[in-house]
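The values are calculated or read from the model by the stated rules, or taken from the named source; none is laboratory data. Because the structure is predicted, anything quoted here is derived from the model rather than measured. Don't worry about glycine lacking a Cβ; one is built from the backbone with ideal geometry, like all the others, and counts go over all protein chains shown.
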Amino acid sequence: MISKSNIRTLVVDDSDFFAEMTADTLTQQHGIESVAANSGTEALERLDGGGFDCVVSDYEMPEMDGLELLGEIRKRHPSIPFILLTGRGDEETASAAIAAGVADYLLKLEVVEDKQYGRLANRIENVVSQERTRKKFESLVADSPDGIAHLTIDGTVLSVNPSMAGRLGADPDELVGRNLRDVMDSEAAGQRLEAGKNAVRRGTATRSEDAVDGRHYHNQYIPVDSHRKADTFQLVSRDITERVERQRQLERQNERLEEFASVVSHDLRNPLNVAQGAVELLPEPDDSEEADLVAKIDRSLDRMGNIIEDVLALARQGRTVNDPQETELSTLASTAWTWIEAEQSSMSVASSAELAADSGRAQDLLTNLFRNAIEHNDGEVEIEVGLLDSHDGFYVADDGTGVDPDAGDVFEMGYSSTEDGTGFGLAIVEQVAEAHGWTVSLTDSEAGGARFEVTDVELYD
């Protein structure tokens, strides 16, 4: 609620005594700065000077009665709240006041004789607060990049903001009173009006998506509670064309990666299997030199198999995550650790939270980090998983020997500091992170080992 000290009211009455008494009482006892005027003409002059938030006017005045004054005020100041005070409490007067658009209606005798100035002050505060809220809302609507329109269920445009008017190729004022079917694609307009009608009938907001003139929109239909004879709703339409196109692009990228993975799986694995089968069919070597040669071929074929597996993983892990699910970091780490053969090493979770991820690929990321820590250190390694202090991700740290500062980009495809490594492990980690929209980096752990930090992760308390 607004502060009464921020409200300035004009009190209009042909009785000097009543006008001054009401203005003084509102100012001194209720903190509403008030100014008196003794006629409609004087009131209009004061209002033209600006600075008033509300008008409180008598009804029966000789020169210009209260409703006639309201009519003149609406021509100059369409939105200022107007409260009518009248000594006539009949239904005819009340009906005329409501039809004229007064913000409130009070009996003069109740205010004066019953000393109900507090009631009047509260009414002033309420109507001014409502008007300021309305203006703020209208400002937000006018400045919104979303297209917003107020419509009747039969399609009559009651108001539109500049964004919606721009989409329809007309000025906002030109669209008022026209039918939505006449100013945009009739099929799309019909679908939107049907959705709006359903929202009004159910009394709850609904949503839909559609395409108009090659652009894609997400629409909300919000029933409007008003005193109009016709049922109305507000249409809020957001342009999601870029999001739809990006989604399609990601889907095409995923399809290409899947096609690549299939080619790798079929065109490389088959000849490799043939080669491995041929080696197994070779007769037992006659001497150690032949045995060493066969063993060398066998090791090379095994390495090729490992490279193929890693390339497949790299291709599939690079697919963008479109539908992440909430999953617990500790659960991911525990599951990933079960895939590691590390009798001399251990893994612990220092802190955990739920995060948005593809659990299968997130587990692959952790598995590769665990395996990297074990394979690049001799003997027992203690690995710790936990949340970053910045609360925008997690880390995997070990107490090993750390990473050589001159090693270069450890995430580069093919990089490996061991002779039998394929160099794809950390590349897969980076691909999984990028597929989620995360960022992975390497630093030193407190124990002197390696610490991988994964940031830009959506965590849930």
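Confirm whether T41 is of a type in the set (V, I, T) and either touching a helix residue (DSSP H, G or I) at 6+ places or on another chain (Cβ under 6 Å) or not assigned by TED's automatic domain parsing to the domain that holds G118 (or both).
The answer is no for T41.
Tell me whether the stretch 83-90 contains one or more residues that are closer than 20 Å to A121 by Cα, aliphatic (A, V, I, L, M) and modelled with pLDDT under 90.
Yes, there is a match, as at least one residue in the stretch 83-90 is closer than 20 Å to A121 by Cα, aliphatic (A, V, I, L, M) and modelled with pLDDT under 90.
Taking the criterion of being in a helix (DSSP H, G or I) and within 24 Å of E138 (Cβ to Cβ), would at least one residue in the stretch 206-229 satisfy it?
No: zero hits.
Filter the stretch 378-402 down to the residues that are crowded, with 18+ Cβ neighbours inside 10 Å and at pLDDT below 90, then identify the one that is nearest to A342 (Cα to Cα).
G400
Can you name every residue in the stretch 146-172 that is buried (at least 17 other Cβ atoms within 10 Å of the Cβ), among the small types (G, A, S) and part of a helix (DSSP H, G or I)?
S163, A165, listed by residue number.
Checking the condition surrounded by 17 or more Cβ atoms within 10 Å (Cβ to Cβ), out of contact with any Pro (no Cβ under 7 Å at 6 or more places or on another chain) and over 19 Å from Q220 (Cβ atoms), which residue from L193, L175 passes?
Numbers: L193 fails: over 19 Å from Q220 (Cβ atoms).
Unique residue meeting the criteria: L175.
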